[in-house]
1. Considering only region 140-152, I want to know if a residue exists there that is more than 22 Å from residue 43 (Cα to Cα), in contact with a Phe, Trp or Tyr (Cβ under 6 Å, 6 or more places away or on another chain), of a type outside the set (S, T, N, Q) and at pLDDT below 95.
2. Do we find a residue being in contact (Cβ under 8 Å) with a residue 12 or more places away in the chain and closer than 24 Å to residue 161 by Cα anywhere in region 88-106?
3. What is the one condition in (1) touching a residue at least 60 places away in the same chain (Cβ under 8 Å); (2) over 17 Å from the mean Cα position of the chain (by Cα) that residue 132 does not satisfy?
4. Counting just the residues of region 110-125 that are assigned to a helix (DSSP H, G or I) and under 14 Å from the mean Cα position of the chain (by Cα), which one comes out farthest from residue 75 (Cα to Cα)?
5. Only one of (1) outside any loop (DSSP other than H, G, I, E, B); (2) over 19 Å from residue 177 (Cα atoms) fails for residue 151. Which number is that?
6. Kindly provide the set of residues from region 166-187 that are assigned to a helix (DSSP H, G or I), modelled with pLDDT of 95 or more and among the polar types (S, T, N, Q), ordered by number.
7. Restricting to helices (runs of 4 or more DSSP H) lying wholly in region 6-108: which have 2 or more residues that are buried (at least 16 other Cβ atoms within 10 Å of the Cβ) and over 16 Å from the mean Cα position of the chain (by Cα)?
8. Any idea which of 58, 75 is at pLDDT 90 or above and either closer than 30 Å to residue 173 by Cβ or hydrophobic (A, V, I, L, M, F, W, C) (or both)?
Amino acid sequence: MKLDEQLEERLKSEAIKYLEQGKPDWDIPHTLATVHWMRQLIEKEGGDERTLVTTMYLHDVGYPELKKGYDFDDLMKSKKHHAQNGAEIAEEILTNLEYSPTEVKTIIKLVGDHYNKENINTHDLQLVIEADGLAKIDWERVTPNFDKENCLKYLDYFKGRTAPQFRTNTGKRSLKELLQKAENYWK
């Protein structure tokens, strides 16, 4: 099912209120990039735009505030509970918008599970993890806010934890392209 443009604008506005409180200069552009990548994945791999794009707008609303200048270690500590916090916030946002109880249940499950890369058990969760991952290394669309040392630490972490989880043809093809660009970013 398509996501209505008016509903998307309301959703985006609600999500941004929370994203502004998270990681400075990252959460909003990263979220918008995940929406872009999700639409690319849906186009080739299938999926319900209404629930999957909504999930991408809400997937990082649960991050605690980080101050400018945070490093890789600060980021890793902040990741601990962001998915579950985000699921709770997402439920609150969705109940005030035009989503059915079934859609709300699906979306909050995806938001809550999107950081658990060890148990990818649905096509929807696979797409969420891939869209999120692609946006994390799409440094043309989302400028890194780390210095070189912390960016390279993050890239090593990403290659070890996230990249091996890609399963769709579209995701793997895009990942290969973006990883090469990310590896060349600091050269």
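1. yes
2. The initial filter retains those residues of region 88-106 that are in contact (Cβ under 8 Å) with a residue 12 or more places away in the chain, namely 88-91, 93-94, 96-99, 103-104, 106.
Now narrow it down to the ones that are closer than 24 Å to residue 161 by Cα: none.
No: region 88-106 contains no residue that is in contact (Cβ under 8 Å) with a residue 12 or more places away in the chain and closer than 24 Å to residue 161 by Cα.
3. Going through the list (1) touching a residue at least 60 places away in the same chain (Cβ under 8 Å); (2) over 17 Å from the mean Cα position of the chain (by Cα), residue 132 breaks only (2).
4. That would be 124.
5. Residue 151 satisfies all of (1) outside any loop (DSSP other than H, G, I, E, B); (2) over 19 Å from residue 177 (Cα atoms) except (2).
6. Within region 166-187, 169, 170, 174, 180 qualify.
7. On the way: elements: 27-45, 49-58, 72-79, 82-95.
Once the helices (runs of 4 or more DSSP H) in region 6-108 are filtered for at least 2 residues that are buried (at least 16 other Cβ atoms within 10 Å of the Cβ) and over 16 Å from the mean Cα position of the chain (by Cα), what remains is 82-95.
8. On the way: 75 fails: at pLDDT 90 or above.
It is 58.
The values are calculated or read from the model by the stated rules, or taken from the named source; none is laboratory data. Model, not experiment: these values are computed from the prediction. In this analysis, Cβ positions are derived from the backbone assuming ideal geometry, glycine residues included, and neighbour counts consider all displayed protein chains.
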